[in-house]
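Okay, structure first, notes after.
The values are calculated or read from the model by the stated rules, or taken from the named source; none is laboratory data. Quantities reported herein were computed from a predicted structural model and do not represent experimental measurements. Counting neighbours? That spans all protein chains shown, and the Cβs are built from the backbone with ideal geometry, glycine included. All accessible areas refer to the heavy atoms of the entire protein, side chains included, with ligands and DNA or RNA removed. Shrake-Rupley method; radii C 1.70, N 1.55, O 1.52, S 1.80 Å.
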Amino acid sequence: FGDLVGKKALLLGAGEMGALAARHLSERKVGEVRISNRTREKASELAESLGGVVVPFEEFAGRLEEVDIVIAATAADDFVIREDAVKEAMSFRTLPSPIRSPCPLTPPAPAMPAPFATTVKPEAPWW
């Protein structure tokens, strides 16, 4: 993934996997970690422990263009990051990077220049 120093990251999910991802981002000197979770209290707790910033869950899709990295660590049964939100973000930014297992990004249409998306097996560290 290259050098993460000074990058802005958005983390969706503040559970065990979200906290693990946030710690690794912090250790790699990411400039700012923004945390969004359906339960604002959990996002606030994690953000406070890492010096991060809370993004209300209902607002994260409209703020994708503000970050360099997007990690979705949710237990959602459905897609969390919609194709239209990624297209909108890509019109302002170069390549946000959603990562999760299974990937919560709506599969892009073949003609859409897809951001880097990968599925991470829970037993295999992504760092």
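Scan the range 3-26 for residues that are exposed (fewer than 14 other Cβ atoms within 10 Å of the Cβ) and in a strand (DSSP E or B) and the total you get is 1. Considering the range 1-45, the residues that are under 17 Å from Val80 (Cβ atoms) and of a type in the set (Ser, Thr, Tyr) include one that is nearest to the chain's Cα centre (by Cα), namely Ser36. With the requirement that a residue be closer than 22 Å to Ala89 by Cα, assigned to a helix (DSSP H, G or I) and either over 12 Å from the mean Cα position of the chain (by Cα) or of a type outside the set (Lys, Arg) (or both), what does the range 46-75 give you? Within the range 46-75, Phe57, Glu58, Glu59, Phe60, Ala61, Gly62, Leu64, Glu65, Glu66 meet the criteria.
Only residues that are open to solvent by less than 60 Å² (accessible area, probe 1.4 Å) and either among the polar types (S, T, N, Q) or at pLDDT 90 or above (or both) were counted in the range 72-103, giving 3.
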